[in-house]
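Colleague: Next up is a structure, given as structure tokens.
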Amino acid sequence: MGRSGRRSTGPAFLGNPEVPVATEQHQIRLSLPRPWPARGRGEEAPMAEEAAQEQQTDPAASRSVRCIVKLGGAAITNKGELESIDAASLRSACAQLRQAMSHGGAAGKVVGMDWSRRPGDPTGPVVDVEGLSEMGGLGLDSNFVVVHGAGSFGHFQASRSGVHKGGLHSTLVKAGFVATRISVTSLNQEIVRALAREGIPSVGMSPFACGWSTKQRNLESVDASQIMQSLHVGFVPVLHGDAVLDELLDCTILSGDVIIRHLAQLLSPKYVVFLTDVHGVYDRPPSDPNAVLLREIAVDENGSWSIVKPALKGNKKGVEISVAAHDTTGGMETKILEAAAIARLGVDVYITKVGTEHSLRALKGDTSSEDWLGTVIRSSR
Ligand SMILES: Nc1ncnc2c1ncn2[C@@H]1O[C@H](COP(=O)(O)OP(=O)(O)OP(=O)(O)O)[C@@H](O)[C@H]1O
Ligand SMILES: C=C(C)CCOP(=O)(O)O
């Protein structure tokens, strides 16, 4: 298994690997409280292990999350242009998320929640106090978690300074860590605002600030308490790939794709959607005119995966992948591996292109018809 491409010589081959995730050698420290506000004043938070068990045994605690969605950096930013948002794609993704959340599919009146002043805006914030006070509720099934990638925010700073390789004793790495977080958190702010303008009660959450950390790039400490509490009261948590502290390397970059896999383990969503700038996983980089879109990939109990649809000529079993030179988290290769690990949990994963009818159908969990364009990764069980 490997990757190269735009970075060096040409695409490498991701061949039918065992998904390494479930056989990870390390234990992740979990910190999950009872869903707030069930815990009484003065009552101690349960021990991490107890809480994790509680999460596994109490279906009510996990049943409620409908979808975890990744807004890929390639989808919502112009990846080749430093710190540039693809405003049309972001708007479309937020509008489709609202549609998917709307009860019965009918999008009601949008009451914007971004009340801050925008640069160059001559008037103060517009607050529809009357509209809001007359509303009985938002009319949304907001049991979604949004995670976004960095795209042209963060990857550049991280790769120039080497944050992903660690070594905080170096002034360059330390400065790069700061610069990466400034960049990616400013994107997070813009995404939260775009969702809020669609009337989605979104709240930004940075993994670094929530205490998430890694050991040799594997997630080591995951505090999901803020996410659980926010979901419980009806907010939509908006996380992002981040620069984090690493027990062995000092620091590294944690991809949104890895965050999604861990959230899927914790929250057991009904399905997971990755929105990106291509229609799904192809048998080779989609820039190749002969690339074939893989419609369905099955993952077995051991984590081995196979292409179910379409049947490829010559019984080809692997996928060729290219990764941009400044990408610090592995691009499509990481996505496929994490998606396969999620599928192995029994959660269907849909990878498709942002801003299309197919992305709306994926967000609604409705990908069963033949004309849906994208890649489904699911358990073969
Ligand atoms: N075999 C392949 N199938 C599909 N896409 C591929 C393949 N090989 C390379 N790619 C590239 O992978 C890119 C999507 O992966 P990428 O990690 O950039 O997505 P993202 O999640 O939207 O972005 P980010 O990682 O910044 O959040 C596409 O632009 C595509 O050109
Ligand atoms: C580069 C940073 C800060 C995060 C990368 O997250 P990803 O784009 O989801 O892989």
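The values are calculated or read from the model by the stated rules, or taken from the named source; none is laboratory data. The structure displayed is predicted, hence computed values, not measured ones. Cβ: placed from backbone, ideal geometry, glycine included. Neighbour counts: every protein chain shown.
Colleague: Taking the stated definitions as given, is residue 291 in contact with a Lys or Arg (Cβ under 6 Å, 6 or more places away or on another chain), over 30 Å from residue 161 (Cα atoms) and among the aliphatic types (A, V, I, L, M)? Don't jump to the end; show me each part of the working.
Modeller: On the way: in contact with a Lys or Arg (Cβ under 6 Å, 6 or more places away or on another chain): yes; over 30 Å from residue 161 (Cα atoms): yes; among the aliphatic types (A, V, I, L, M): yes.
Answer is yes for this residue.
Colleague: Scan the stretch 264-282 for residues that are under 10 Å from residue 350 (Cα atoms) and more than 16 Å from ligand 1 (Cβ to nearest atom) and jot them down.
Modeller: 271
Colleague: Please determine whether any residue of the stretch 225-237 is within 15 Å of ligand 2 (Cβ to nearest atom) and either under 26 Å from residue 167 (Cα atoms) or polar (S, T, N, Q) (or both). Working first, answer last.
Modeller: First, the residues of the stretch 225-237 that are within 15 Å of ligand 2 (Cβ to nearest atom): none.
No: zero hits.
Colleague: Within the stretch 346-377, can you find the residues that are modelled with pLDDT under 95 and either surrounded by 17 or more Cβ atoms within 10 Å (Cβ to Cβ) or polar (S, T, N, Q) (or both)?
Modeller: Within the stretch 346-377, 368, 369 qualify.
Colleague: If you check every pair at least six apart or on different chains, which have Cβ atoms under 9 Å apart with a residue in the stretch 264-288 that is among the hydroxyl-bearing types (Ser, Thr, Tyr) and within 16 Å of ligand 2 (Cβ to nearest atom) first and a residue that is at pLDDT 95 or above and part of a loop (DSSP other than H, G, I, E, B) second?
Modeller: 276/72; 276/149; 276/354
Colleague: Suppose the filter is out of contact with any Leu (no Cβ under 6 Å at 6 or more places or on another chain) and more than 11 Å from ligand 2 (Cβ to nearest atom); does residue 254 pass it?
Modeller: Values: out of contact with any Leu (no Cβ under 6 Å at 6 or more places or on another chain): yes; more than 11 Å from ligand 2 (Cβ to nearest atom): no.
Answer is no for this residue.
Colleague: Taking the stretch 84-133 as the search range and keeping residues that are in contact with a strand residue (DSSP E or B) (Cβ under 9 Å, 6 or more places away or on another chain) and surrounded by fewer than 16 Cβ atoms within 10 Å (Cβ to Cβ), which one is nearest to residue 197 (Cα to Cα)?
Modeller: It comes out as 108.
Colleague: Within the stretch 283-312, can you find the residues that are within 15 Å of ligand 1 (Cβ to nearest atom) and either of a type in the set (A, V, I, L, M) or surrounded by 20 or more Cβ atoms within 10 Å (Cβ to Cβ) (or both)?
Modeller: Those that are within 15 Å of ligand 1 (Cβ to nearest atom) and either of a type in the set (A, V, I, L, M) or surrounded by 20 or more Cβ atoms within 10 Å (Cβ to Cβ) (or both): 283, 291, 292, 293, 294, 297, 305, 307, 312.
Colleague: Follow-up question, since we're still on this one. Being in contact with a Phe, Trp or Tyr (Cβ under 8 Å, 6 or more places away or on another chain) and either away from ligand 1 (no atom under 11 Å from the Cβ) or β-branched (Val, Ile, Thr) (or both), is that true of even one residue in the stretch 246-254?
Modeller: As a first pass, look at the stretch 246-254 and keep what is in contact with a Phe, Trp or Tyr (Cβ under 8 Å, 6 or more places away or on another chain): 251, 254.
Going one step further and asking which of them are either away from ligand 1 (no atom under 11 Å from the Cβ) or β-branched (Val, Ile, Thr) (or both), we end up with 251, 254.
Yes.
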